[in-house]
Amino acid sequence: MEPTLLKARGLEGSRTLASYLSRGGYEGLRRALALGPQEVTKSVIDSELRGRGGAGFPTGRKWTFVPKDHPGPRYLVCNADESEPGTFKDREIIEHDPHLVIEGIAIASFAIGAHTAYIYIRGEFVRWANLLEQALGEARREKILGADVLGSGYSLDIWVHRGAGAYICGEETSLLESLEGKRGFPRLKPPFPAVVGAFGKPTVVNNVETLACLPSILTRGPAWFASIGRPRNTGPKLFSVSGHVVRPGVYELPLGVTFREIIFEHCGGIRAGRKLKAFFPGGSSAPVLTAAEVDTKADFDACAEAGTMLGSGGVIVLDETVDMVEAAANLAHFYAHESCGQCTPCREGSDWLVDILHRILAGHGRAEDPDTILRICRFASQGMTICPLGDAFSLPISSIVSKFRDEFERRIAAATPAPPRKHPVLPWAGPRPGFGR
């Protein structure tokens, strides 16, 4: 397949405006300005583009949720937080083609009637934030952004906002809280951001890769985009492949290729001649698939049918040497650390999983531990928390326990009872000072 999102990779000077214009840059925006907001939205709907940030929600349909009669401002926010472990595709686009992202933002902003847009990027991405700032400066100087975008009379400016590097801020309402200068706590929904978003105004949040698809949809047409992949799963997709493969990296492939093709053809198979044991198809928050499920198609619907999700397309490959109990403990530790603590099932459940899994690894597992883990995961998922972080740790960990239970049971069979805890004597007698008054 001819590269669309990564066509600038390897070109000298690809980040500059001159290079982007020489490759037909901003022609999609010109066409959008000529068509009008409704026709742009219709084109995106007809393309069947689904969000590339993880949820896979139809992009054009999401835009239609913005109230058309809202008298005040509305905003477009580009989610460049990319906090999902195993995902590194968005920064690849920004690294080689920042103007592609800017053009996509401009097209989406015009479609929803926004005159201000923000790029929310995680604080660790200093290099990529600077690349975006440089590209925005070029676009402003050439009147591509500002009071009269390409002479159309439409005004737009885009600002880069750096977050503090929290996983939870990849969730759109947490991102908006952080954008407003507050702690990144997820919001209760409804109302949804399209109605009450940034600064209380209608807001659309789209992922970097999603927005980068828009220029080609406008220039080459929605039918061309929809011809790639299969119905409801259309267009090119970036897969971030890491772990025990010969050639890890970012690969642009049509939706619907199999994970076997990704892992064994494009990535050269499993390193050191070992066997595939398992893989996460959509970042660490996706339920794990086994080697027997490697022929699953890499698209949204096929992954859902397989009991997992494509998510952000971060494919994490594990070979036969991986201890799945250790893998589960590693996941639990990450999500316990990243929980905002707002919801009891997530705050307490993730910590409880860490305790149980570390105890199993220490050789003190109990026969009831696997069932306890599954019960904790059940009560922390299925809509029991404000945001999906409860599902983000529950689904992969419960899938590991369910599919590799024998590894947990072998450790537990060889376990010894844990020694009793010795509680230190408190340095005061009576009630603790400052409490119970």
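Among the residues making up the stretch 56-79, those that are assigned to a loop (DSSP other than H, G, I, E, B) and either hydroxyl-bearing (S, T, Y) or surrounded by fewer than 16 Cβ atoms within 10 Å (Cβ to Cβ) (or both) are F57, T64, F65, P67, K68, D69, H70, P71, G72, P73.
Kindly indicate whether C343 is within 26 Å of F192 (Cα to Cα), surrounded by fewer than 21 Cβ atoms within 10 Å (Cβ to Cβ) and not charged (D, E, K, R). The answer is yes for C343. Sub-6 Å Cβ pairs linking a first residue in the stretch 23-47 that is in a helix (DSSP H, G or I) to a second residue that is among the polar types (S, T, N, Q), at least 6 apart or interchain, are E27/T219; G28/T219; L33/S152; V44/T59, ordered by first then second residue. Among all residues of the stretch 105-122, there is at least one that is at pLDDT below 95 and of a type outside the set (S, T, N, Q). Scanning the stretch 229-244 for residues that are surrounded by fewer than 19 Cβ atoms within 10 Å (Cβ to Cβ) and not hydroxyl-bearing (S, T, Y) gives R230, P231, R232. Screening I373 against (1) within 14 Å of V325 (Cα to Cα); (2) not in a helix (DSSP H, G or I) leaves a single unmet condition, (2).
Conditions (1) assigned to a loop (DSSP other than H, G, I, E, B); (2) in the same structural domain as Q382 (by TED's automatic domain parsing), marked per residue:
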position	(1), (2)
I262	no, no
S284	yes, no
A302	no, no
M309	yes, no
H333	no, yes
S350	no, yes
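Residue pairs whose Cβ atoms lie under 8 Å apart, sitting 6 or more positions apart in sequence or on different chains, and linking a residue in the stretch 116-143 that is assigned by TED's automatic domain parsing to the domain that holds T210 and part of a helix (DSSP H, G or I) to a partner that is of a type in the set (S, T, Y) and modelled with pLDDT of 95 or more, are E138/T16. For the stretch 206-216, the condition of being among the β-branched types (V, I, T), in contact with a strand residue (DSSP E or B) (Cβ under 7 Å, 6 or more places away or on another chain) and assigned by TED's automatic domain parsing to the domain that holds F88 holds for at least one residue. Has the stretch 205-219 got any residue that is closer than 20 Å to E82 by Cα and assigned to a loop (DSSP other than H, G, I, E, B)? Looking for residues that are closer than 20 Å to E82 by Cα and assigned to a loop (DSSP other than H, G, I, E, B), one finds at least one in the stretch 205-219, hence yes. Considering (1) more than 30 Å from Y167 (Cα to Cα); (2) without any contact (Cβ under 8 Å) to a residue 12 or more places away in the chain, the lone condition that A55 does not fulfil carries the number (1).
Restricting L132, L49 to those that are at pLDDT 95 or above and under 30 Å from P287 (Cα atoms) reduces the list to L49.
The values are calculated or read from the model by the stated rules, or taken from the named source; none is laboratory data. Source: prediction; values computed, not measured. Glycine also receives a Cβ, built like all others from the backbone with ideal geometry; neighbour counts cover every protein chain displayed.
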